[in-house]
Amino acid sequence: MAPRANWKGFLRLSLVTCPVALYPATSESEKISFNQLNRQTGHRIKYLKVDADTGDEVPNEDIVKGYELEKGQYIEVSREELEEIALESTRTIEIDEFVDKSDIDARYLIRPYYIRPDGKVGHDAFAVIRETIREMDKVAIGRVVLTSREHIIALEPMDKGLVGTLLRYPYEVRSEQDYFDEIQDVKVTKDMLDLARHIVNQKAGRFTPEKFEDHYETALIELINEKRAGKVIRPKERPQGENVVDLMEALRRSVGKEVGKEAGKEAGKQAGQEAAPAKAGKPAKKPRKAAAGQKEMLMPIAGRKAAAAKDTSAKKPAAGARRKSA
């Protein structure tokens, strides 16, 4: 199924214009989600739009927007009035300026979108804009209207397309001074820094998103599958945190811990290399690829891209049973 665009319009750099479509670059749909149920009946909870005073349900055609001036007093604003003040950025992303990426404070970043030409025309103009941004090694700043509000958008080239990241306005970013002013000024000794730097060097690497596992999502899958299998759910013991009394001692122990981890990794690599030549003849089968970053599921959950079931002989829930509790 082809992705659905969140916005369609035009991308413009001075007099160079092309039709484009904007798509979300991230998704939350793969995560486990829950419905709210009535504990007594097992039925799903449904929300209604009701009049706060009368309690009567209000049909969508009778619902209008209103700005609260003071308690209980509103100014109504119609859809037609909102359309009257529609900005040019409702249909056009106008590139206003080019800036260095380092100039954009990370606190201003909201969410990324993919931008590509819309239809069969305008690919030449799109390529000119994309390659100009790439060649200048800059970020293009423009404006776009999404969900009825105008946003700042930062455009960067990615492969054959563009990535547009929505940015916050200054009034949406809180001042760090409100939170950092009470932090005590502490003098960190050179010995402490040396030990901490050693820990950092032991943990140094490259950011590879594929190696990170969503542990909470995995735990949710395991919980749901255990309940489906009729297992009794018992609370697990949580690790107790330790109070740090001697900071230098904690740093020294941390260094020893990281060195031990590194030595264990090297020993594992050597053991694997020595064991490899022992098996000759028939080539080993390639391991079946599991879902990225997630454990295989005991039973697949409908509507979610999950790894293949480990136990295909697991019993299905009895027909007619609405729910099963631990």
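Only one of R44, R111 is open to solvent by 100 Å² or more (accessible area, probe 1.4 Å) and within 27 Å of the chain's Cα centre (by Cα); which? Walk me through it before giving the result.
On the way: R44 fails: within 27 Å of the chain's Cα centre (by Cα).
Among R44, R111, only R111 is open to solvent by 100 Å² or more (accessible area, probe 1.4 Å) and within 27 Å of the chain's Cα centre (by Cα).
Given the structure, is G9 assigned to a loop (DSSP other than H, G, I, E, B), among the small types (G, A, S), open to solvent by less than 90 Å² (accessible area, probe 1.4 Å) and touching a residue at least 60 places away in the same chain (Cβ under 8 Å)? Talk me through it step by step, then tell me what you get.
Values: assigned to a loop (DSSP other than H, G, I, E, B): no; among the small types (G, A, S): yes; open to solvent by less than 90 Å² (accessible area, probe 1.4 Å): yes; touching a residue at least 60 places away in the same chain (Cβ under 8 Å): yes.
Taking the combined requirement at face value, the residue does not satisfy it.
Could you check T165 against (1) open to solvent by 40 Å² or more (accessible area, probe 1.4 Å); (2) in contact (Cβ under 8 Å) with a residue 12 or more places away in the chain; (3) among the polar types (S, T, N, Q) and say which number it fails?
Condition not satisfied by T165: (1).
Looking only at region 106-133, which residues are of a type in the set (F, W, Y) and modelled with pLDDT under 95? Give the steps one after another, and end with the answer.
Taking region 106-133 first, the residues of a type in the set (F, W, Y) are 108, 113-114, 126.
Listed by number, the list is empty, since nothing qualifies.
Filter the strands (runs of 3 or more DSSP E) completely within region 36-148 down to those with at least 2 residues that are over 27 Å from M158 (Cβ atoms) and out of contact with any Pro (no Cβ under 6 Å at 6 or more places or on another chain). Working first, answer last.
Details: elements: 65-70, 73-77, 92-99, 109-117, 139-146.
By residue number, 65-70, 73-77.
I need the full set of residues from region 15-35 which are touching a residue at least 12 places away in the same chain (Cβ under 8 Å), of a type outside the set (V, I, T) and either in a strand (DSSP E or B) or open to solvent by 80 Å² or more (accessible area, probe 1.4 Å) (or both), in order please. I'd like the intermediate steps shown before the answer.
First pass over region 15-35, keeping only residues touching a residue at least 12 places away in the same chain (Cβ under 8 Å): 16-26, 30-32.
Keeping just the survivors that are of a type outside the set (V, I, T) gives 18-19, 21-25, 30-31.
C18, P19, A21, L22, Y23, P24, K31 - these are the residues of region 15-35 that are touching a residue at least 12 places away in the same chain (Cβ under 8 Å), of a type outside the set (V, I, T) and either in a strand (DSSP E or B) or open to solvent by 80 Å² or more (accessible area, probe 1.4 Å) (or both).
Of the numbered conditions (1) modelled with pLDDT under 85; (2) open to solvent by less than 60 Å² (accessible area, probe 1.4 Å); (3) not hydroxyl-bearing (S, T, Y), P239 satisfies every one except a single condition; which is it?
Only one criterion is unmet by P239, namely (2).
Do you know which residues across region 99-144 are touching a residue at least 60 places away in the same chain (Cβ under 8 Å) and touching a His at 6+ places or on another chain (Cβ under 8 Å)?
Passing the criteria: P117, V144.
For region 169-196, which residues satisfy the criterion of being part of a helix (DSSP H, G or I) and surrounded by 10 or more Cβ atoms within 10 Å (Cβ to Cβ)?
E172, D191, M192, L193, D194, L195, A196
Looking at L82, L22, L13, which one is aliphatic (A, V, I, L, M), touching a strand residue (DSSP E or B) at 6+ places or on another chain (Cβ under 8 Å) and over 30 Å from K138 (Cα atoms)? Spell out how you get there, then give the answer.
Working: L22 fails: over 30 Å from K138 (Cα atoms); L13 fails: over 30 Å from K138 (Cα atoms).
Answer to the check: L82.
Of the residues N201, N225, which single one is in a helix (DSSP H, G or I) and touching a residue at least 60 places away in the same chain (Cβ under 8 Å)?
Testing whether each residue is in a helix (DSSP H, G or I) and touching a residue at least 60 places away in the same chain (Cβ under 8 Å) leaves just N225.
Give the residues of region 60-79 that are farther than 14 Å from K49 by Cβ, surrounded by fewer than 10 Cβ atoms within 10 Å (Cβ to Cβ) and more than 35 Å from the chain's Cα centre (by Cα), sorted by residue number.
Across region 60-79, the qualifying residues are L69, E70, K71, G72, Q73, I75, E76.
The values are calculated or read from the model by the stated rules, or taken from the named source; none is laboratory data. This one's a predicted model, so the numbers in the text were calculated from it and none came from an experiment. Cβ: placed from backbone, ideal geometry, glycine included. Neighbour counts: every protein chain shown. Heavy atoms of the whole protein, side chains included, go into the accessibility calculation; ligands, DNA and RNA do not. Shrake-Rupley method; radii C 1.70, N 1.55, O 1.52, S 1.80 Å.
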